[in-house]
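Visitor: Can you keep this structure in mind? I'll have questions shortly.
The values are calculated or read from the model by the stated rules, or taken from the named source; none is laboratory data. All of these numbers come straight from a predicted model, not from anything done at the bench. Neighbour counts are summed over all protein chains in view; Cβ atoms, including those assigned to glycine, are modelled from backbone coordinates with ideal geometry. Just the protein is used for accessible areas: all its heavy atoms, side chains included, with ligands, DNA and RNA removed. Shrake-Rupley method; radii C 1.70, N 1.55, O 1.52, S 1.80 Å.
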Amino acid sequence: MSGARVTEAEFVVVANRLPVDRVVGAEGDDGWRRSPGGLVTALEPVMRSSEGAWVGWAGKPDLELEPFEFDGTFLVPVRLSAQDVEQYYEGMSNDTFWPLYHDVIAAPRYRRVWWEAYVRVNRRFAEAAAEVAAEGATVWVQDYQLQLVPKMLRELRPDLVIGYFHHIPFPAHGLYSQLPWRRQVLEGLLGADVIGFQRVADAGNFARAVRRQLRYQTKASGISVPLGDGSYRNALAKAFPISIDAESYVELARRPEVQQRAREIREGLGNPKRILLGVDRLDYTKGIRHRLKAFGELLQDGRLTVEDVTLVQVASPSRERVESYMQLRDEIELTVGRINGDFDTTDHTAIRYLHQAYPREEMVALFLAADVMLVTALRDGMNLVAKEYVATRTDNRGVLVLSEFAGAADELPSALLINPHDIDGMKDQIIRAIEMPPAEQGRRMRSLRKKVIESDVAQWSRSFLAALEAAKHRHTAVGGE
Ligand code: GDG
C-alpha cells in the first residue's frame, strides 16, 4: 500500500470542507484563501508542526483538483459531483442527520438514495485519507458528515490512530433509534480510538445507543469493541467541549478602529438605551423565531419601547437550497416585517435584521455595541457565538442570555440561563438583562471571561490530541505483545 501513497503525513485531518476558500481574481485567475473558521485556527499550529495533510471538499461541485500545498499544509481535495452534493451533503447530512441530531426540531427525511450516497462519499474520504497517511500516523476525522469514515479507514489502514470529533449534539436513544441505519452509524464511529463530543450528555447518549443497539459493554468512558476473534479493542467516548481562539477576539476588541465602529453602530441605530444582539446562521436550531416572539411581545406589552431598545439580528445565509431553510427564512422575514411594521417610528426601529455575512472585525464591533447578547438555541452542540461575545467584553460589561439547550450552558453557568420554549420565562430574563446593575454584570462577566480565556480552542485540540496520543501507546503496547 505504501508505494501508492501520495505523501507521508504524520497527522491528517479529514473534514467535509478543506480549510480554504476559492477566490477568483479580477482577471478571472483563481487562487485560495484560508477560511476564517474556528477549526482551521485551532488546528493551524498542529498542522504546521507536524507536516500535516487535510482531506476535504473544495466547496464547488465537479471540481477536479490535484493535491496541493497551502501555507505549510498538504491539501487533498475530494471530488463531489453535483449529485453527491445534493444527496450526501444537502440530503443525508443536512436534511437527515442535522434535524435528527437536533432533537427532531424539524422532521428528518429518511431516503435510501441519500444513504447510499453518504456511504459512497464517506468511502471516498476514507480512501483519500488512507493514501496520504504515513505508517502509524494520527488521523482526526471531523463531524457528522463523515461518521462512517473511522471504520472504513481502520479497515484500510489498521496501523493508524484514529480520532473523531462530533460538533453537534448526539440525541437521546429514543430519537436516535428512528434512524434506519442506526447500527451502521454506531459501528462507523466506533472505528475511532477516541470519539469526542461537546457535552457529557452527548457522550452518555452515544454510549447508551451503543449498549442498546450493539450490546457492547461500556465502562465509564470506555467502550469494548469486539474484534471478532474473541478479543476487544477499547474506544474512548468522552466530552471535549470546543472553544474559540479567545486571544484573537480580545485583540480585535482592543483595536481603536473596532471600538470606533461600535460607537458608529450605536449612533446609526439612534443611540437607544440598550442594544440587544443575535448572531446566528439562519437555522431552525438557533431559536430565532422564539427570540422574535419574546421580543415582539415585550413591545406589545409595553414593557419595552423602540426608543429605548433595539434588537439587531444577524442571520447569516445558510443551506439555502434545503427546503426547510427556505421556509424558515420566509417565516422569520414575515415576523420581522410585522414587528417592525407595528412598532417602528420614523427615527427608531424595533429590529435591524441583517441577512448577510460580515467580516470578523464587524462582528466584533457588533459584540462591543451590544448590551445584551441573546443565544436562544433550541438545541446547539456548543454555540461559539456565546463565547465570542464574552471574549470581546474586555470592560466586563454586558449580559449573556444563554439557552440551557446550547452546549455552552454547561461551561457558562454565570450567564442568564433560559429555556427558549418558555416564552414568558425568556421575556423576564431579557428584562432582567436589560435592567441588570453594572456591579452584577461585572461579577458575572468576569467569571464567564475567566472560563473562556482559560479553556480556549488551543487547549481543546491539545486535550483531544493528548487522549489520542494515549490511544497510540495502547496500540503500540498491543502490537508489541
Ligand atoms: C457548529 C455547531 C458548534 C456567523 N455569522 C457570521 C459569522 N459567524 C460565525 C460565528 C461563529 C460561527 O460562525 C458559528 O458557530 P456556532 O458555534 O455559533 O454555530 P454552527 O455554525 O452551527 O457550528 C455548534 C460549532 O459547530 C463548533 O463545534 O459550536 O454547536 O452547530 O464563529 O461568529 N462570522 C462572520 N460573519 C458572519 O456573518 N465572520
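Visitor: Looking for whichever is under 15 Å from Gly278 (Cβ atoms), out of contact with any Leu (no Cβ under 9 Å at 6 or more places or on another chain) and either open to solvent by 50 Å² or more (accessible area, probe 1.4 Å) or of a type in the set (Asp, Glu) (or both) here; the options are Glu297, Glu307, Glu333. Which one fits?
Guide: Of Glu297, Glu307, Glu333, the one residue that is under 15 Å from Gly278 (Cβ atoms), out of contact with any Leu (no Cβ under 9 Å at 6 or more places or on another chain) and either open to solvent by 50 Å² or more (accessible area, probe 1.4 Å) or of a type in the set (Asp, Glu) (or both) is Glu333.
Visitor: I'd like to check which helices (runs of 4 or more DSSP H) are fully inside the range 392-481 and have at least 2 residues that are within 22 Å of the chain's Cα centre (by Cα) and at pLDDT 95 or above.
Guide: 408-411, 438-454, 457-480
Visitor: Among the candidates Gly341, Gly302, single out the residue that is over 25 Å from the mean Cα position of the chain (by Cα), on the phi > 0 side of the Ramachandran plot, open to solvent by 10 Å² or more (accessible area, probe 1.4 Å) and free of Cβ contacts under 8 Å to residues at least 40 places away in the same chain.
Guide: After applying the criteria, what remains is Gly302.
Visitor: Also, I was wondering about something else. Within the range 271-283, track down each residue that is open to solvent by less than 30 Å² (accessible area, probe 1.4 Å) and within 11 Å of the ligand (Cβ to nearest atom).
Guide: Scanning the range 271-283 gives Gly278, Val279, Asp280, Leu282, Asp283.
Visitor: Look through Ile265, Ile339 and report the one residue that is within 16 Å of the ligand (Cβ to nearest atom) and of a type in the set (A, V, I, L, M, F, W, C).
Guide: Ile265
Visitor: When both residues are 6+ apart or on different chains and their Cβ atoms are under 9 Å apart, which pairs have a first residue that lies in the range 400-426 and is within 16 Å of the ligand (Cβ to nearest atom) and among the β-branched types (Val, Ile, Thr), and a second that is assigned to a helix (DSSP H, G or I) and open to solvent by 20 Å² or more (accessible area, probe 1.4 Å)?
Guide: Note: pairs meeting the criteria are Val401/Gln429; Val401/Arg432.
Visitor: Filter the range 173-207 for residues that are charged (D, E, K, R) and touching a Leu at 6+ places or on another chain (Cβ under 9 Å) and give the result.
Guide: Scanning the range 173-207 gives Arg183, Glu187, Asp193.
Visitor: Something else: So is Thr394 open to solvent by 40 Å² or more (accessible area, probe 1.4 Å), β-branched (Val, Ile, Thr) and under 30 Å from Ser447 (Cα atoms) or not?
Guide: So Thr394 passes the test.
Visitor: While we're looking at this one, here's another question. Can you tell me how many residues in the range 288-340 are part of a helix (DSSP H, G or I), touching a Ser or Thr at 6+ places or on another chain (Cβ under 9 Å) and among the aliphatic types (A, V, I, L, M)?
Guide: Total meeting the criteria: 4.
Visitor: Follow-up. Please tell me if Leu179 is in contact (Cβ under 8 Å) with a residue 12 or more places away in the chain, of a type in the set (A, V, I, L, M, F, W, C) and more than 21 Å from Lys387 (Cα to Cα).
Guide: Considered against the rule, which asks whether it is in contact (Cβ under 8 Å) with a residue 12 or more places away in the chain, of a type in the set (A, V, I, L, M, F, W, C) and more than 21 Å from Lys387 (Cα to Cα), Leu179 comes out as yes.
Visitor: Output the number of residues of the range 113-145 satisfying the condition of being touching a Phe, Trp or Tyr at 6+ places or on another chain (Cβ under 6 Å) and open to solvent by less than 10 Å² (accessible area, probe 1.4 Å).
Guide: Count: 6.
Visitor: So, one more: Across the range 342-386, what is the total count of residues that are part of a loop (DSSP other than H, G, I, E, B), of a type in the set (Gly, Ala, Ser) and more than 9 Å from the ligand (Cβ to nearest atom)?
Guide: Total meeting the criteria: 2.
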